[in-house]
Every structure is written in structure tokens, then in C-alpha cells.
Amino acid sequence: MREIINFNVKWAFTKNATEVPATMPEKWDWVTLPHSWNAIDGQDGGADYYRGTAYYAKELKKFDLPEADRYYMEFRGANSSADLYINGKKIASHDGGYSTWRADITDALEMDNLIVVAVDNAENDRVYPQMADFTFYGGLYRDVNIIAVNNSHFDLDYYGGPGLMVTPEVKGEDADVAVEVFLTNPADGQELVYKIYDYEENVIAEVKQAVADTKAVITIPKVHLWHGRKDPYLYRAEVALVKGDDVIDCVSAPFGCRTFKIDPENGFILNGEEYPLRGVSRHQDRWGLGNALLPEHHREDMEYIYEMGATTIRLAHYQHDQFFYDLCDEMGMVIWAEIPYISKHMPGGRENTISQMKELIVQNYNHPSIVVWGLSNEISMAGSDADLLDNHNVLNDMVHKMDPTRLTTIACVSMCDIHDPYVQIPDVVSYNHYFGWYGGDTSMNGPWFDNFHKTFPNIPIGVSEYGCEALNWHTSKPTQGDYTEEYQAYYHEELIKQLFTRKYLWATHVWNMFDFGADARNEGGENGQNHKGLMTFDRKYKKDSFYAYKAWLRSPEEAPFVHLCGKRYVDRVEDVTKVTVYSNLPEVELFVNGESIGKKTAEDHFFYFDVKNVGESTIVAKAGEFTDEGKIRKVSEMNMDYVLREVGAVLNWFDVTAPEGRYSLNDTIGDIMKSKRGKMWFMGMGLKLKKKMDANKKGKEDGGEKKSGGFDVDLSAGGGLMEMMGGFTVLRLTSMMGMMNISFTKEELLKMNKKLNRIKKPKN
């Protein structure tokens with residue numbers, strides 16, 4: 001019978017070695033897994049986190065292992081490439097930082113052994129990801145185990161899989177469950193015992209077959225369906241390899257029985273019922289930990305997502321921990337699972353996309369929560385070509401062959417033309433749009449999807465990313481690009497009303513559930529993070545927008561609540577201030593210093609009150625039996641603790657001259673492009689940006705091999721990215737370039753403004 005021995009404790013670690021040690025190092029640091037060496041420098045900004053090779057070492061005495069025929073070492077996550085050495089000899093290598101992999105170490109073991117793992121997250125052109133807006137944390141950041149097994153055992157070699165595939169097929173009131181196993185070295189006299197357990201762990205079916213018969217089809221009469229959050233009912237399949245009364249090896253997997261389809265008019269259909277997929281995307285990192293999460297962190301994340309009312313999660317942009325997939329099954333989340341084929345196609349990375357996709361499918365096939373396999377994300381950011389298209393066709397065909405029960409999808413970058421041939425490759429498609437944050441305005445979102453739906457009525461369309469950033473900045477006049485909690489709340493109010501009322505959208509995923517590490521970012525006043533989360537990076541604070549979703553997605557019968565927005569925004573200068581309340585109950589009453597100022601109803605769950613701002617006031621929102629409380633205080637001047645502090649070149653309002661009928665830094669790229677001379681200026685601006693990007697890139701390269709990276713932009717894609725940013729003012733665009741460590745001096749900005757002042761605006 002197999003035994004699994006956890007191997008997480010007392011590893012020696014260093015980033016400073018240049019070769020594999022021959023003896024146990026004495027001066028390395030001691031760490032316990034999970035561990036990432038970028039837990040701090042991958043979250044503090046500057047695009048300078050360590051990317052290179054680091055070493056882990058641990059002693060292993062063979063007599064400490066249980067007696068067995070074969071021993072496998074299992075790595076649940078080593079980012080991004082790893083080499084395993086035992087007693088100085090390389091045993092195995094693996095490329096891909098987010099999946100499980102194993103190595104048979106039996107023949108390499110001596111009585112006393114030195115285990116060394118060289119892990120490398122350095123830049124290269126063959127292992128994904130290499131360009132993306134998140135930190136590529138290096139390390140042994142998930143569990144390491146040793147698996148002791150008999151010579152005859154369920155497969156441990158094929159793409160890190162469990163050696164067991166469960167394929168339910170619902171037929172009327174019943175379900176036929178195909179249970180297939182994969183064996184290594186089966187022997188004469190051995191048999192396979194198949195069992196199905198219900199949710200209460202009662203055996204409801206049992207089949208015994210010869211060892212040569214590795215597939216059994218078992219019927220479950222009057223099957224209990226897995227129905228998302230409403231009823232996430234799970235069965236469990238178990239297969240034992242036996243000889244007589246002895247169990248040689250055993251594997252099991254929870255599974256769920258359900259049907260689904262994605263309809264271009266009616267969205268997601270679960271078990272024959274319309275089941276709107278409205279939810280979030282999730283990254284797997286935390287403040288101060290990087291991606292080295294423990295089960296309690298995963299569980300807490302799930303609790304917050306569940307509380308919000310999400311029915312779906314996009315697990316971006318890579319394979320997540322098996323523990324989290326299990327939680328998705330248990331809590332009834334419908335999942336988009338994907339590989340990190342992201343941002344920029346690398347011709348040398350084709351084999352890696354194939355191997356990572358095989359690992360994703362083989363390791364996660366049994367999860368009922370997964371309904372789509374994601375082929376890529378924003379992969380046409382640097383343009384599309386024949387090799388990119390061919391790679392997608394290869395992946396799409398391979399996925400359908402490996403798993404005919406699920407669908408394929410992609411997440412397209414906003415400026416990707418809807419007629420691009422690669423949009424037609426997967427079964428369903430989604431777009432990442434940030435109208436209202438990265439250019440444009442919020443009103444553009446719904447009409448854009450209406451146009452796609454009208455143009456391609458037979459292609460299911462969804463929203464794979466949308467969102468905007470918010471930190472602890474506040475204002476009574478929220479504007480696009482101000483990074484305030486109030487603008488984020490306004491943005492999501494508008495997007496909810498536009499997206500949730502369009503039933504043809506097969507899924508919508510907020511970007512992102514939590515703030516996350518992106519070391520290349522330099523914006524919003526707190527470097528090294530993407531702040532689009534509905535919750536803060538440390539999970540300590542739910543931003544107001546979190547409750548906007550809770551108001552729409554949680555039923556009042558299930559979880560009635562009321563939320564008073566703006567609790568962190570106390571000091572206010574205006575005489576009358578707007579107070580916003582979110583609730584899933586039909587009526588809200590607002591009290592100021594104990595006196596009611598009225599009741600309001602709102603079908604959209606958003607309630608707005610005008611409140612006189614005098615002295616210090618206690619505000620109480622009441623809905624049914626539920627209340628929420630905050631304070632406001634009248635001040636004569638704006639509290640500057642609420643205002644984003646500009647870093648770098650700061651222009652006063654009087655510095656930006658704007659003669660009547662002429663352009664300035666405060667005009668949008670889109671408006672400037674309406675003028676012929678404006679277009680010429682825009683082209684020159686693009687060249688300046690490219691020059692700064694090239695200089696920035698060269699500076700990194702001159703810094704040696706062990707460099708950071710993650711976010712970059714290629715302006716060669718026909719100016720598509722710049723066109724997407726048409727709603728930005730020039731001043732905001734230059735400020736935004738800070739996330740790529742590109743800065744402009746005050747003198748450069750004033751020179752730009754002077755040139756714009758010479759260009760006449762066209763007459764209407």
C-alpha cells in the first residue's frame with residue numbers, strides 16, 4: 001500500500017551558489033516549504049526582483065523511509081524550471097512552474113543521500129510565462145512529498161496525474177460513470193476493485209475485475225446532480241489494486257455528475273437550467289508570502305469569494321493548487337482553468353504550451369467544477385502571425401482529443417480585432433476590456449459586446465477581465481484614473497448594470513478578486529502591486545465594490561445585508577455630500593445623528609442619499625433588521641491623506657497652458673487624433689515612448705542575466721494598444737507609463753504641451 005511522506009521541513013536554501021554542492025551546506029539559510037525567494041522583492045516595485053537560479057538542499061536517510069519497492073519524489077510546484085539532483089547526479093528536469101511533477105528516485109538512493117533542487121525563474125524564450133502583469137515568484141512554493149509504492153502501482157509517471165480518470169455521463173435520471181485507471185507493472189493474480197461512494201461515504205456500487213480490465217462503467221440510479229452553489233453534491237470513486245486480501249495500491253477521486261452547455265443566446269446552462277456565471281478571477285499570491293500559500297490561505301480566499309456570491313472563478317493565469325480545485329468542487333464554483341500561454345507568443349515555447357496543457361488536463365480531469373480549458377490570454381498583444389494561429393489550432397485539437405467532455409476558450413486582449421482568425425478557433429471566446437479605466441468610458445462596454453453578438457450570433461461571448469484600481473484614496477468627485485475607492489465603486493456599479501443584464505454573456509469575471517503582486521508596476525502610490533482587487537492584498541479590507549457585487553449576487557433569503565460605502569472617507573469639504581448604500585434588500589433608510597432623512601428603494605441595489613455635512617455626523621444605514629454605521633466630518637480643506645501623491649514630475653494646474661481652440665496635455669489621445677496634425681504628433685509620441693521602452697529594456701539587459709521582468713509592451717501591433725488608450729489624456733498616459741518604469745521629466749512634459757498648444761482643434 002502506498003505511503004506519502006511529506007518532505008517540507010528543514011531545507012537549506014541559497015541564491016548565491018554557482019553549482020550543486022557535494023555535501024550538505026552549513027551556511028545556507030534554513031527554510032520550511034512552501035517557500036518563495038521573491039516573497040518580498042517581488043512585491044515592492046522597481047521591476048528588480050531576483051530572477052535566476054536558487055538552490056534547495058536536504059539530507060535523506062533511506063532507513064527513514066518506509067519499506068517499499070519504488071520511491072517517487074513529488075513536487076507540487078517549482079517555479080519555473082527545476083533540476084533534481086541526488087548525490088550529485090541529475091535525476092530529472094521539469095519546465096513549467098505551476099503543475100505537479102514526479103521523479104522515480106529509487107535507483108539513485110543510497111543509505112545517506114543529499115537531495116538538491118536547482119530552481120530557476122530566469123528569463124528565457126521557451127518556458128511560459130515570460131511577459132505578463134504579475135510577479136513570477138521563484139521557489140519550491142508548494143508541498144514536496146516522497147511516495148512509496150509497490151512495483152505494481154497506479155501510474156505516477158504520466159504528466160503528474162492521479163492514475164485515475166472518472167467520466168460521468170448523465171442519462172435521464174441515471175448516470176453511467178466510466179472509471180478508468182492506468183497501471184504500472186501489473187502482475188498475475190492481481191485484481192481491481194472499483195467502488196463508488198455517495199456523499200455520506202456509503203458504498204453504492206462495487207465491481208471486481210481482472211487486472212487487465214482497467215475500465216469499468218458503473219450506473220448510478222436516480223443520480224444526485226452536482227449543481228453549482230445550489231447543490232455541489234459529490235460522489236467518490238475508489239479503485240484498489242489487490243491480490244487476495246492484500247491491498248497493493250489504492251487511488252480515489254471525488255467527482256460530480258452534471259450536464260452543461262454554453263448557449264450563444266442564453267449563456268451557461270447547467271443541468272438544463274440557465275445558470276448565470278458571474279464571478280471573479282484569482283491570483284494565488286499574498287502580501288509577504290508570494291505564492292507560497294498554505295491550505296488556510298486558500299480556504300480563506302474561497303470563503304471571501306463565496307461570501308461575495310460568485311458562481312464562477314477564472315483561475316488565472318496558470319494551474320492553481322489542487323487543494324483550491326477541490327474547494328471549487330466542494331463549494332460549487334464553475335471554473336475556467338488555463339495555462340500561462342500569455343501576452344507574447346514565443347516560437348520556441350510551443351512544446352512548453354503543449355506539455356503544460358497536458359499536465360493541466362491530466363491532473364485536473366476529475367474536477368466537476370471545471371467546464372472550460374483556457375488556451376491563452378492576451379496572446380496577440382504583440383500581434384498575431386501564422387505560427388501563433390497554428391499553435392492555437394494544435395492546442396485546441398489536442399484538448400478536444402484528450403477531453404471531449406469540456407469546451408475550449410481564450411481571453412482576447414481588448415484591441416484584438418473581432419475578425420482575427422484566432423478568435424474563431426476555440427469553442428467559446430471572451431474579451432478583456434477596461435473601457436472606463438484604460439481609455440474610453442464605462443458606457444462603451446455593453447455596446448461593444450452587443451456589436452460582437454450581432455456580428456457573430458453563433459459564437460458565445462464572455463467577459464474574461466474588467467476592472468479598475470483603487471487604493472485608500474478618496475474623493476467626492478470620482479474621475480477616471482484617480483485610483484480612489486469611490487471611482488472603483490462607480491465603475492463597478494456601471495459595469496454590473498451593463499453586463500449582468502445581458503444574458504447572452506456566457507461568463508463575466510472581474511479582474512481581480514484580490515490585489516496581487518506585480519513588481520514592474522509603479523502607479524497608484526503603492527509600487528509593486530496591481531490594485532484592481534475587490535479586496536486588498538493582505539485580505540484585511542473589502543473595498544466598497546465588493547459589496548456592490550454581493551448586493552447583486554447574494555439573495556436576501558440566503559444572506560441579507562446592508563453596507564454603507566465610504567467608511568474610510570470621513571473628512572469632507574462639501575456642504576452636502578453624497579452617501580451611497582448597497583443592499584440586497586428592497587428598501588434602505590438612512591439616519592444622520594439618529595434622525596431619519598428618508599427611505600429609498602432601488603431595483604439595482606444601489607441607494608444614493610444627499611446628506612448635509614455639518615460638524616461630525618454618525619451615519620447609519622438600515623435595511624430590514626440589518627444596519628451599518630460610519631462617520632463623516634465637515635472640514636474646510638481637503639484632507640491630503642486622501643489624495644494620491646504624485647511621484648516624479650509634478651505639474652501645477654497653471655503649468656499646463658491650453659489656449660482656446662488648441663490642444664494640451666489635458667486632451668485625450670482620441671480627440672487629438674481627430675486632427676491631421678494631431679495624428680502626426682501622436683506618431684511622434686509613439687516613437688518617443690518606444691525609444692524610452694527600448695532604453696529601459698537595454699538597461700535591464702546590461703544588468704546581467706539575473707533580472708526581473710513581467711510587464712512589457714510591444715508597440716508593433718499596428719498601434720493597437722495606443723488606440724485602446726484613446727480615452728486617456730496625454731497627462732494620464734504619461735503617468736501610466738510608470739508601470740513600465742518609464743518616466744517623463746517636467747521639462748519633457750511642458751515641451752509636449754507647447755507642441756500641442758500649436759495644434760488647432762477641428763471645428764465641429
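What follows draws every value from the coordinates through simple rules; no lab data is involved. All values reported here derive from a predicted model rather than from experimental measurement. Glycine also receives a Cβ, built like all others from the backbone with ideal geometry; neighbour counts cover every protein chain displayed.
Short to long, the 10 Å bins of the Cα pair-distance histogram for region 451-599 hold 10, 34, 34, 18, 4, 0 percent of all pairs. Spin-label pair V576-R502: with each label point 7 Å from Cα along the Cα-Cβ axis, the two points sit 3.5 nm from one another. Can you pull the percent of Cα pairs in the chain with separation above 47 Å? Value for the chain: 25 percent of Cα pairs lie more than 47 Å apart. Near P21, once Lys and Arg are set to +1 and Asp and Glu to -1 for all other residues with Cβ below 15 Å from its Cβ, the sum equals -1.
Semi-axis lengths, largest first, of the ellipsoid equivalent to region 141-206 are 27, 17, 13 Å, with √(5λ) applied to each eigenvalue of the Cα gyration tensor. Dimensions of region 453-522 along the principal axes, based on C-alpha atoms and rounded to the nearest Å, stand at 43, 30, 19, largest first. Legend: P(r) of region 263-554 from all alpha carbon pair distances, 5 Å bins from 0, whole percents, reading 1, 5, 12, 17, 19, 19, 14, 9, 3, 1, 0.
Against the chain, whose longest principal axis comes from its Cα atoms, helix 445-455 is set at around 60 degrees.
Here H345, H400 are placed in order of increasing Cβ neighbour count within 10 Å, fewest first, which gives H400, H345.
By other beta-carbon atoms within 10 Å, ranking Y422, Y318 with the fewest at the front produces Y422, Y318. Taking a point 7 Å out from the Cα of N639 in the direction of its Cβ, the residues of region 470-510 whose backbone N falls within less than 17 Å of it are 471-478, 484-487. Mean silhouette area of region 351-427, derived from the convex hull of its C-alpha atoms and averaged over all directions, reads 5.1 nm². Diffusion coefficient of region 164-255 by Stokes-Einstein, Kirkwood radius over Cα pairs, 20 °C, 1.002 mPa s: 155 µm²/s. Normalising the average separation of contacting C-alpha pairs (under 8 angstrom, six or more residues apart) by the number of residues puts the relative contact order of the chain at 12 percent. A straight line joining the Cα centroids of region 162-215 and region 546-599 runs 53 Å.
Identify the residues of region 156-170 with backbone N under 20 Å of a label point that sits 7 angstrom from the Cα of E273 along the Cα-to-Cβ direction, or state none. Only 169-170 fall inside the zone, counting backbone N under 20 Å. Taking each residue as 0.36 nm, the span from A695 to K763 lengthens on full extension beyond its C-alpha to C-alpha distance by 20.6 nm. Mind checking region 49-158 for GluC sites (Glu not before Pro) that DSSP puts in a loop (not H, G, I, E or B) and that have at most 16 other Cβ atoms within 10 Å? In loop regions of region 49-158 (DSSP not H, G, I, E or B), the sparsely surrounded GluC sites (Glu not before Pro) are E67, E110.
Per the Debye formula on identical point scatterers at the alpha carbon atoms of region 360-509, with no solvent, log10 I(q)/I(0) at q = 0.08, 0.10, 0.16 Å⁻¹ is -0.27, -0.42, -0.93. Projecting label points 7 angstrom from Cα along Cα→Cβ for K674 and T219 puts them 7.0 nm apart. Between region 56-127 and region 276-293, what is the C-alpha centre distance in whole Å? When both Cα centres are located, 27 Å separates them. Spin-label model, N113/M24: points 7 Å from Cα along the beta carbon direction are separated by 1.5 nm. For H298, neighbours were defined as the other residues whose beta-carbon sits under 14 Å from its Cβ, and their charges (Lys and Arg +1, Asp and Glu -1) total -4.
Across region 571-642, counting alpha-carbon atoms alone, Rg and Dmax equal 12.8, 37 Å.
Using a 4.7 Å Cβ-Cβ cutoff, the cysteines of the chain lacking any partner cysteine are C250, C257, C328, C468, C565. What net charge do the residues around A621 carry, taking every other residue with its C-beta under 9 Å from that of A621, with Lys and Arg at +1 and Asp and Glu at -1? Once all neighbours under 9 Å are counted, the net charge is -2.
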